[in-house]
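Student: Mind looking over this structure? Questions follow.
The values are calculated or read from the model by the stated rules, or taken from the named source; none is laboratory data. None of the values given here were measured: they were computed from a predicted structure. Glycine gets a Cβ as well: all are built from the backbone with ideal geometry, and neighbour counts include every protein chain shown.
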């Protein structure tokens with residue numbers, strides 16, 4: 001054992017790099033499994049923003065890309081993971097924003113963990129998803145009627 005501060009810092013630094021690499025491998029393995037099973041994963045800025053705004057996102061993953069265009073409605077506050085001129089919900093004119101920044105704002109507000117993957121320039125596993133993905137705690141439950149909603153996992157009750 002050494003008592004030199006620089007040696008201790010070097011050892012701790014190596015341990016942290018090893019831990020981060022192992023953690024990233026574990027996250028990427030889970031992402032691949034969820035994609036293969038098409039199970040509780042949001043791919044792309046639109047799906048990730050929807051999941052965050054609906055409280056369904058459990059963990060957000062970013063690859064190398066940060067230049068993701070988006071939009072925000074100043075009236076109803078809804079955020080979109082693509083350039084949208086007019087809000088489909090309230091009809092107001094939307095503002096152009098960075099979808100990546102909006103995703104990070106919402107993750108901080110809702111205390112959702114974020115992992116910024118350390119990946120080589122080529123071979124980013126999130127390229128196919130537009131640079132961002134999320135693990136979800138629940139699927140969206142958009143049903144056309146209370147009966148259909150009740151039959152689809154019991155999220156709505158008919159009284």
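Student: May I ask you to verify whether residue 10 is part of a helix (DSSP H, G or I) and surrounded by fewer than 12 Cβ atoms within 10 Å (Cβ to Cβ)?
Tutor: Against the criterion (part of a helix (DSSP H, G or I) and surrounded by fewer than 12 Cβ atoms within 10 Å (Cβ to Cβ)), residue 10 does not qualify.
Student: Across the stretch 29-51, what is the total count of residues that are touching a residue at least 40 places away in the same chain (Cβ under 8 Å) and at positive phi?
Tutor: Counting residues in the stretch 29-51 that are touching a residue at least 40 places away in the same chain (Cβ under 8 Å) and at positive phi gives 2.
Student: Consider residue 22 against the criteria (1) more than 25 Å from residue 133 (Cβ to Cβ); (2) modelled with pLDDT under 85; (3) in a helix (DSSP H, G or I): it satisfies all of them except one. Which criterion is unmet?
Tutor: Unmet condition: (1).
Student: Return yes or no: is residue 149 over 20 Å from the mean Cα position of the chain (by Cα), surrounded by 13 or more Cβ atoms within 10 Å (Cβ to Cβ), at pLDDT below 85 and part of a helix (DSSP H, G or I)? Full working, then the answer.
Tutor: Working: over 20 Å from the mean Cα position of the chain (by Cα): yes; surrounded by 13 or more Cβ atoms within 10 Å (Cβ to Cβ): yes; at pLDDT below 85: yes; part of a helix (DSSP H, G or I): yes.
So residue 149 passes the test.
Student: Still on this model: Out of (1) assigned to a loop (DSSP other than H, G, I, E, B); (2) modelled with pLDDT under 90; (3) surrounded by 12 or more Cβ atoms within 10 Å (Cβ to Cβ), what's the single condition that is false for residue 82?
Tutor: Exception for residue 82: condition (2).
Student: Among the numbered criteria (1) surrounded by 10 or more Cβ atoms within 10 Å (Cβ to Cβ); (2) more than 28 Å from residue 99 (Cβ to Cβ), which one does residue 4 miss?
Tutor: Against the list (1) surrounded by 10 or more Cβ atoms within 10 Å (Cβ to Cβ); (2) more than 28 Å from residue 99 (Cβ to Cβ), residue 4 comes up short only on (1).
Student: Against the definition (farther than 20 Å from residue 139 by Cβ, assigned to a helix (DSSP H, G or I) and without any contact (Cβ under 8 Å) to a residue 40 or more places away in the chain), how does residue 105 come out, yes or no?
Tutor: For residue 105, the condition - farther than 20 Å from residue 139 by Cβ, assigned to a helix (DSSP H, G or I) and without any contact (Cβ under 8 Å) to a residue 40 or more places away in the chain - is met.
Student: When the stretch 126-143 is examined, which residues are found to be farther than 17 Å from residue 40 by Cβ and touching a residue at least 40 places away in the same chain (Cβ under 8 Å)?
Tutor: Answer for the stretch 126-143, where residues must be farther than 17 Å from residue 40 by Cβ and touching a residue at least 40 places away in the same chain (Cβ under 8 Å): 127, 128, 130, 131.
Table: residues versus (1) within 19 Å of residue 125 (Cα to Cα); (2) outside any strand (DSSP E or B).
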residue: 26; (1), (2): yes, yes
residue: 29; (1), (2): yes, yes
residue: 32; (1), (2): yes, yes
residue: 36; (1), (2): yes, yes
residue: 42; (1), (2): yes, no
residue: 46; (1), (2): yes, yes
residue: 51; (1), (2): no, yes
residue: 60; (1), (2): yes, no
residue: 65; (1), (2): yes, yes
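Student: For residue 112, work out the one condition from (1) free of Cβ contacts under 8 Å to residues at least 24 places away in the same chain; (2) more than 14 Å from residue 129 (Cα to Cα) it doesn't fulfil.
Tutor: For residue 112, the failing item is (1).
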